[in-house]
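> Structure provided below as structure tokens; questions to follow.
The values are calculated or read from the model by the stated rules, or taken from the named source; none is laboratory data. Not measured: the values here are computed from a predicted model. Cβ coordinates were reconstructed from backbone atoms using ideal geometry, including for glycine residues, and neighbour counts include every protein chain displayed.
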Amino acid sequence: MSPDAPALMDTYARWPVSFVRGEGSWLFTAGGEPYLDLAGGIAVTVLGHAHPAVTNAVAGQAASLVHCSNLYRIPLQEALASRLAGMTGLPRAFFCNSGAEANEAAIKLARRHAWIQGGPARHLIITLSGSFHGRTLGALSATAQPKYQEGFGPLVPGFASVPPGDLEALAAVLREHPGEACAVMLEPVLGEGGVVPLDFHYLKEVERLCRQHGVLLIVDEVQTGMGRTGSFLASQAAGIRPDVVTLAKGLANGVPIGAVLASEEVAAGFVPGSHGSTFGGNPLACAAALATLDVLESEDLAGRALRLGGQLEAGLRRLAEEQTIARAVRGRGLMLALEVGAPASEVVAACLEERLLVTSAGPRTVRLLPALTLLPAEAEEGLERLGRALKGVVA
Ligand SMILES: *Cc1c(COP(=O)(O)O)cnc(C)c1O
């Protein structure tokens with residue numbers, strides 16, 4: 001039991017700090033102490049904190065209608081679906097409230113699509129080792145990392161995993177289970193698994209194998225989407241066309257929302273009654289998402305993520321050259337990681353002392369997921385603070 005919060009379940013190892021207010025890339029404690037936020041609420045606050053466009057949309061919507069249920073038409077939900085269709089080329093959307101839920105829906109959709117086609121049951125979904133798809137039981141079964149699954153068995157059957165980057169392993173599973181697989185599901189840059197970008201050639205070949213074997217390609221863009229890696233979807237830059245894409249984290253700048261996007265053919269797997277969500281796509285969440293997308297598009301924040309990401313990455317590479325504790329740099333756009341020669345938690349703690357918020361992704365990986373509105377001067381300030389923090393950490 002957490003001694004500081006005895007009424008809460010002990011699910012998080014929390015840092016002993018809390019914030020009462022945010023503005024752009026800054027968070028403030030009750031005492032008014034500013035912290036530079038390069039964690040972005042784990043890739044959520046793409047527009048930074050308290051962005052006026054989202055604040056106004058949420059306040060306005062809260063004053064008129066927060067929720068009425070999917071028993072009735074929700075014009076804002078229809079508008080959001082059309083908007084996402086225009087941005088991704090995937091014409092059908094289903095809305096829920098989180099990344100895990102979006103992946104649950106994608107898993108159900110893939111199995112249902114296979115079932116509707118008839119023939120032998122094709123239920124197998126192939127994911128990548130080191131992946132992260134969420135904490136609900138289905139998404140957890142897709143998440144090929146034992147540390148997240150420990151003690152929760154039996155998991156949902158019908159999942160297999162292959163190492164990322166290994167096309168032969170994927171081809172072998174598809175060959176060895178003829179007529180069993182219904183989908184391959186992957187993150188274009190593995191996030192929680194340590195910020196591991198998959199190269200475009202690999203992604204294209206995965207797509208080709210999927211087509212060849214008649215299985216769907218599900219791309220989990222919960223973390224990589226919303227412009228973070230330099231295009232609205234990371235899969236767009238790779239030149240692949242997934243059958244299903246899942247979104248969540250940054251989609252409404254912090255208001256809970258998740259989305260599954262699919263082609264017409266795959267979406268036809270769902271009919272009235274086959275899936276649903278009480279809160280999913282309610283007017284409040286959709287108003288926040290539409291406001292977020294307005295700013296993302298009008299300010300070309302994906303392009304900005306690429307530029308600022310370049311600046312931040314170059315700075316991280318300098319740190320890696322100057323400081324022995326810093327080993328390697330990985331990432332794409334504003335999804336960046338510094339591999340360190342000490343426990344990542346020690347570096348995160350040292351950063352906190354410097355009033356800099358970063359997060360870890362695995363035991364030796366420090367991860368940066370700042371707002372896409374980060375200013376160049378803030379990126380430099382962050383690098384300086386990180387540099388000072390690294391000096392105090394011993395290998
Ligand atoms: C965070 C994350 C999820 C889970 O999202 P929740 O909103 O925490 O359920 C799923 N997939 C990826 C790639 C993520 O980064």
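> Which residue pairs have Cβ atoms under 7 Å apart, sit 6 or more places apart or on different chains, and have a first residue in the range 322-344 that is farther than 16 Å from THR359 by Cα and a second that is of a type in the set (Phe, Trp, Tyr) and buried (at least 17 other Cβ atoms within 10 Å of the Cβ)?
From residues that are farther than 16 Å from THR359 by Cα, there are no pairs.
> While we're on this one: Across the range 111-153, which residue is farthest from SER274 (Cα to Cα) among those that are aromatic (Phe, Trp, Tyr) and touching a helix residue (DSSP H, G or I) at 6+ places or on another chain (Cβ under 8 Å)? Please lay out each step first, then the result.
Step one: list which residues in the range 111-153 are aromatic (Phe, Trp, Tyr), which gives 115, 132, 148, 152.
Subset that is touching a helix residue (DSSP H, G or I) at 6+ places or on another chain (Cβ under 8 Å): 132, 148, 152.
Numbers: PHE132: 25, TYR148: 29, PHE152: 26 Å.
That would be TYR148.
> I need a count of the residues in the range 356-395 that are assigned to a loop (DSSP other than H, G, I, E, B), under 17 Å from GLY40 (Cβ atoms) and among the small types (Gly, Ala, Ser). Give the derivation first.
In the first step, residues of the range 356-395 are kept if they are assigned to a loop (DSSP other than H, G, I, E, B); the result is 358, 361-364, 369-375, 392-395.
Pick out the ones that are also under 17 Å from GLY40 (Cβ atoms) and you get 358, 361, 369-375.
Within this subset, residues satisfying the condition of being among the small types (Gly, Ala, Ser) are 361, 371.
Residues flagged as assigned to a loop (DSSP other than H, G, I, E, B), under 17 Å from GLY40 (Cβ atoms) and among the small types (Gly, Ala, Ser) within the range 356-395 amount to 2.
> Now a separate question. Take the residues in the range 243-255 that are more than 18 Å from ASP294 (Cβ to Cβ) and in contact with a Cys (Cβ under 9 Å, 6 or more places away or on another chain), then tell me which one is nearest to the ligand (Cβ to nearest atom).
Checked the range 243-255; the qualifying residue nearest to the ligand (Cβ to nearest atom) is ALA248.
> Do any strands (runs of 3 or more DSSP E) lying entirely in the range 1-92 carry at least 2 residues that are not aromatic (Phe, Trp, Tyr), and which ones are they?
On the way: elements: 21-23, 26-28, 34-37.
The strands (runs of 3 or more DSSP E) meeting that bar are 21-23, 34-37.
> Please go through (1) away from the ligand (no atom under 16 Å from the Cβ); (2) crowded, with 23+ Cβ neighbours inside 10 Å; (3) within 20 Å of the chain's Cα centre (by Cα) for THR229 and return the number of the only condition it doesn't satisfy.
That leaves (1) as the condition not met.
> Have a look at ALA267, ALA285 and point out the one that is crowded, with 21+ Cβ neighbours inside 10 Å and either outside the structural domain of CYS96 (by TED's automatic domain parsing) or not hydroxyl-bearing (Ser, Thr, Tyr) (or both). Reasoning before the result, please.
On the way: ALA267 fails: crowded, with 21+ Cβ neighbours inside 10 Å.
Result: ALA285 is the single residue among ALA267, ALA285 that is crowded, with 21+ Cβ neighbours inside 10 Å and either outside the structural domain of CYS96 (by TED's automatic domain parsing) or not hydroxyl-bearing (Ser, Thr, Tyr) (or both).
> Still on this structure: Could you list all residues from the range 93-104 that are under 16 Å from the mean Cα position of the chain (by Cα), closer than 20 Å to GLY269 by Cα and outside any helix (DSSP H, G or I)?
Just the residues of the range 93-104 that are under 16 Å from the mean Cα position of the chain (by Cα), to begin with: 95-104.
Narrowing the set further to residues that are closer than 20 Å to GLY269 by Cα leaves 95-96, 100-104.
Of everything in the range 93-104, those that are under 16 Å from the mean Cα position of the chain (by Cα), closer than 20 Å to GLY269 by Cα and outside any helix (DSSP H, G or I) turn out to be PHE95, CYS96.
> Output the number of residues of the range 239-270 satisfying the condition of being more than 17 Å from the chain's Cα centre (by Cα) and more than 16 Å from PHE95 (Cβ to Cβ). Quick ask: steps written out before the conclusion?
Of the range 239-270, the ones more than 17 Å from the chain's Cα centre (by Cα) are 239-241, 243, 262-270.
Imposing the further condition that a residue be more than 16 Å from PHE95 (Cβ to Cβ) reduces the set to 239-241, 243, 263-266, 268-269.
Final tally of qualifying residues: 10.
> Among the residues of the range 247-272, which ones are within 13 Å of ALA81 (Cα to Cα) and in contact with an Asp or Glu (Cβ under 7 Å, 6 or more places away or on another chain)?
LEU247, GLY258, ALA262, SER263
> Here's another thing I want to ask about it. Looking at (1) in contact with a Pro (Cβ under 7 Å, 6 or more places away or on another chain); (2) more than 14 Å from GLY392 (Cβ to Cβ), can you tell me which one PRO343 breaks?
(2)
> To continue, here is another question. Does LEU170 fit the bill of being buried (at least 23 other Cβ atoms within 10 Å of the Cβ) and more than 16 Å from the ligand (Cβ to nearest atom)?
Details: buried (at least 23 other Cβ atoms within 10 Å of the Cβ): yes; more than 16 Å from the ligand (Cβ to nearest atom): yes.
Against the criterion (buried (at least 23 other Cβ atoms within 10 Å of the Cβ) and more than 16 Å from the ligand (Cβ to nearest atom)), LEU170 qualifies.
> Shifting gears a bit: Return yes when GLU339 is in a helix (DSSP H, G or I) and either at pLDDT 95 or above or out of contact with any Lys or Arg (no Cβ under 7 Å at 6 or more places or on another chain) (or both) and no when it is not.
Working: in a helix (DSSP H, G or I): no; either at pLDDT 95 or above or out of contact with any Lys or Arg (no Cβ under 7 Å at 6 or more places or on another chain) (or both): yes.
For GLU339, the condition - in a helix (DSSP H, G or I) and either at pLDDT 95 or above or out of contact with any Lys or Arg (no Cβ under 7 Å at 6 or more places or on another chain) (or both) - is not met.
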